[in-house]
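Take a look at the following structure, please.
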Amino acid sequence: MNTNIDQDEKGANVKFPPPLVFIGAILLGYAMDYVFPLKIGDTIVIMIAGLMMVLIALIVIVLAILTFRRANTSVEPWRPTSAIITDGVFGISRNPIYLAFCWATIGIGLILNSWWVVLGFIPAAALITAFVIAREEAYLEDKFAEEYRRYQSRVRRWL
């Protein structure tokens, strides 16, 4: 884990909480199921798979948040960051929290027996990539320059 204690004012300039995108995708998918149902299949195996995906997502989110706290930097993308976190779940994905939100969306879709909810992660991930990750990456590259570029070359954006 590398740290830089330089505090700036703008952060990544993200305008909204990213979890809202995934919550919106889940709610929209759930609503679409009433208009045009696309059921997966009512089996206990599908429900257990969904529960496992949500559990794994929650574990990844907790691990990521704990890593942010250990690094003494902010998890919120609209606040300044003081460190590039490269260990723990951030050694596997540069965006483990957004990846976990995708897994949770898919898992909730399985639990709700809805292809609409499952597939909702696709536009949600595209929106997050375009409007959040792009800003975060530009901010981190500007702030940490070569240190961040080295991290980008070692760790994939998603998985």
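Please identify every one of the trypsin sites (Lys or Arg not before Pro) in the stretch 83-159 that sits in a loop by DSSP and has no more than 14 other beta carbons within 10 Å of its own beta carbon.
Numbers: sites: Arg94, Arg135, Lys143, Arg149, Arg150, Arg154, Arg156, Arg157; in loops: Arg94, Arg156, Arg157.
Here the sparse-neighbourhood loop sites are Arg156, Arg157.
Over the chain, what is the mean sequence separation of C-alpha contacts under 8 Å (at least six apart), divided by residue count, expressed as relative contact order in percent? Could the numbers behind the result be given before it?
Numbers: 232 pairs, mean separation 60.4, N = 159.
Computed over the chain, the figure is 38 percent.
Something else: Residue by residue through the stretch 126-131, which ³J(HN,Hα) values in whole Hz follow from phi under the Karplus form 6.51 cos²θ - 1.76 cosθ + 1.60 (θ = phi - 60°), with glycine and proline marked x?
5, 5, 5, 4, 6, 10
Sticking with this one: Could you give the dipole magnitude of the chain about its Cα centre, charging the beta-carbon of Lys and Arg +1 and that of Asp and Glu -1, in debye to the nearest 20? Let's see the in-between values first.
Working: 14 positive and 13 negative charges, 33 e Å.
Charge dipole of the chain: 160 debye, to the nearest 20.
Just Val45, Val35, Val89 to compare: in a GNM of the chain, with alpha carbon springs under 10 Å, which one fluctuates most?
Val35
How many nm is it between the label spots at Leu51 and Val35, if each spot is 7 Å from the Cα in line with the beta carbon?
Using points 7 Å along Cα→Cβ, the separation is 3.2 nm.
Same structure again: Rounded, prolate or oblate for the stretch 86-148? Axes are the square roots of the Cα gyration tensor eigenvalues, ordered a ≥ b ≥ c, and the cut-off for rounded is a/c under 1.5.
Details: a/c = 5.55, a/b = 2.06, b/c = 2.69.
In terms of gyration-tensor shape, oblate.
Return the lysines within reach of Lys143: Cα separation strictly under 27 angstrom, same-chain partners fewer than 8 residues apart disregarded; answer none if there are no such residues.
Excluding near neighbours in sequence, the set is Lys10, Lys15.
Okay, moving on. Can you give me the long-range amide H partners of Ile84? Hydrogens built in the peptide plane at 1.01 Å from N, cutoff under 5 Å, separation of 5 or more residues or another chain.
Asn2, Asn4
Further, regarding this structure: What are the extents of the Cα atoms of the chain along their three principal axes, listed from largest to smallest and rounded to whole Å?
Projected onto the principal axes, the Cα atoms of the chain cover 52, 27, 24 Å.
Readers should treat all values here as calculations from the given coordinates under stated rules, not as data from a laboratory. Everything quoted here is computed from the prediction, not taken from an experiment. Positions of Cβ are backbone-derived with ideal geometry, glycine not excepted, and every protein chain shown enters the neighbour counts.
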